[in-house]
Amino acid sequence: MLSELIKIVADNCEAAEVTLESDLREDLEMNSMDIINMTIDIEGTFKIKIKEAAFKDIHTVADLKKHIEKLSKKELV
């Protein structure tokens, strides 16, 4: 499931490499529209709903992973 998350993030940005440590805005240069599109893909894949306000605390792919795990109550491995 972690590979699915990495793929979704990579599909929504221009970066050559996406890691858990990648910062969505700084390293991956994602803008608001990229993040919205990525969120829609994540919500569909993981069957969760991410509130827009959550992104004030989500900076890295690892932060996003933790938030998804909390919402889905499943560990992404």
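The values are calculated or read from the model by the stated rules, or taken from the named source; none is laboratory data. Fair warning: this is a prediction, and the values are worked out from it, not measured in the lab. Every residue, glycine as well, gets a Cβ built from its backbone with ideal geometry; the counts of neighbours run over all protein chains shown. Just so you know, the surface numbers come from the protein's heavy atoms only, side chains and all, with ligands and any DNA or RNA stripped out. Shrake-Rupley method; radii C 1.70, N 1.55, O 1.52, S 1.80 Å.
Picking from residues in segment 21-38 that are assigned to a loop (DSSP other than H, G, I, E, B) and aliphatic (A, V, I, L, M), the one that is nearest to A62 (Cα to Cα) is L24. Which of the residues spanning segment 53-77 are under 17 Å from N12 (Cα atoms) and either of a type in the set (G, A, S) or more than 12 Å from the chain's Cα centre (by Cα) (or both)? Within segment 53-77, just A62 meets the criteria. Candidates are the residues of segment 44-56 that are open to solvent by 30 Å² or more (accessible area, probe 1.4 Å) and out of contact with any Asp or Glu (no Cβ under 7 Å at 6 or more places or on another chain); the one that is nearest to E21 (Cα to Cα) is K56.
Here L2 passes the criteria (1) over 10 Å from the mean Cα position of the chain (by Cα); (2) free of Cβ contacts under 8 Å to residues at least 60 places away in the same chain except the one numbered (2). Under the condition of being of a type in the set (K, R) and not in a loop (DSSP other than H, G, I, E, B), the residues counted in segment 39-67 number 3. The lone criterion from (1) assigned to a helix (DSSP H, G or I); (2) surrounded by fewer than 18 Cβ atoms within 10 Å (Cβ to Cβ); (3) in contact (Cβ under 8 Å) with a residue 24 or more places away in the chain; (4) among the charged types (D, E, K, R) left unmet by K70 is number (3). Restricting attention to segment 1-17, and to residues there that are closer than 23 Å to E75 by Cα and among the acidic types (D, E), which single residue is most open to solvent (accessible area, probe 1.4 Å)? This residue is E17. Within segment 18-43, being of a type in the set (G, A, S) and either open to solvent by 60 Å² or more (accessible area, probe 1.4 Å) or in contact with a His (Cβ under 8 Å, 6 or more places away or on another chain) (or both) holds for one residue alone: S32.
The residue list V18, V9 contains one member that is on the phi < 0 side of the Ramachandran plot and either in a loop (DSSP other than H, G, I, E, B) or in contact with a Leu (Cβ under 6 Å, 6 or more places away or on another chain) (or both), which is V18.
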